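What follows draws every value from the coordinates through simple rules; no lab data is involved. The shown structure was predicted, so the numbers you read here are calculated from the model rather than taken from an experiment.
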Amino acid sequence: MPISNPSVTIDPTLQTEVSRFLASYAECIDTDRLEDWPEYFTDDCLYMLQSRENFDRGLPVSAIRCDSKGMLVDRIVSLRNANIFAEHFYRHVLSIPLIHSVDDDNIVVHTNYVVFQTLLDGASRTYSVGRYIDTLTRVAGELKFKEKIAVFDTNQIATLLVTPI
């Protein structure tokens, strides 16, 4: 992973655009607009949830791996029509995104996250903690995820991973 170079100046307009994009992504999930979720990605994207242990060791095993927008759509169709799980709500808390690199095609961004889950009994708990390692690109002038890797620190996933992180 490239280390951020503090001597590189990031355009404040780009920083704001990236921050708003990531906040919009989290809000899409938190407000249960999951049918819109795949639209944040390019057609040939990679969406992966991977444990920190496997990520740090360079191991390919992940809890979820989708390598196209079509797979993301299928995931939401399955969530809505086939999966059985306790109704729940998510609330994302994101750090300020740290832009690691920018080139003509891609923006690499790291953002820490915490996801809280609330079940219908009203009790909230920490569901997942980790960092996003995102590669953003522009499609028709709009930011999209080319890659979104959620590296979770949480060693135990208490319930079925159904809703995107």
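Helix 12-30 sits at what angle to the longest principal axis of the chain, using alpha carbons and giving 0 to 90 degrees rounded to 10? The helix 12-30 is inclined about 10 degrees to the chain. In the chain, the DSSP-assigned H stretches of four residues or longer account for a calculated mean residue ellipticity at 222 nm of -7500 deg cm²/dmol, using -39500 (n - 2.57) per stretch and the full residue count as denominator. Have a look at Asn106, Asn81, Asn155 and tell me which one the Gaussian network model of the chain (Cα, springs below 10 Å) gives the largest fluctuation. In this elastic network of the chain, the residue with the biggest mean-square fluctuation among Asn106, Asn81, Asn155 is Asn81. By how many degrees, between 0 and 90 and to the nearest 10, does the Cα long axis of helix 69-81 differ from the longest principal axis of the chain? With both axes taken from Cα atoms, the answer is about 20 degrees. Mean sequence separation of contacting Cα pairs (under 8 Å, at least six apart), scaled by the length of the chain, corresponds to a relative contact order of 24 percent. Karplus-based coupling profile of segment 142-150, in residue order and whole Hz: 9, 5, 9, 7, 7, 9, 9, 10, 9, with θ = phi - 60° in 6.51 cos²θ - 1.76 cosθ + 1.60 and x standing for Gly or Pro. The DSSP beta bridges internal to the chain are antiparallel in roughly 85% of cases. Rg/Rh for segment 1-111 (Cα atoms only, Rh after Kirkwood) is 0.99.
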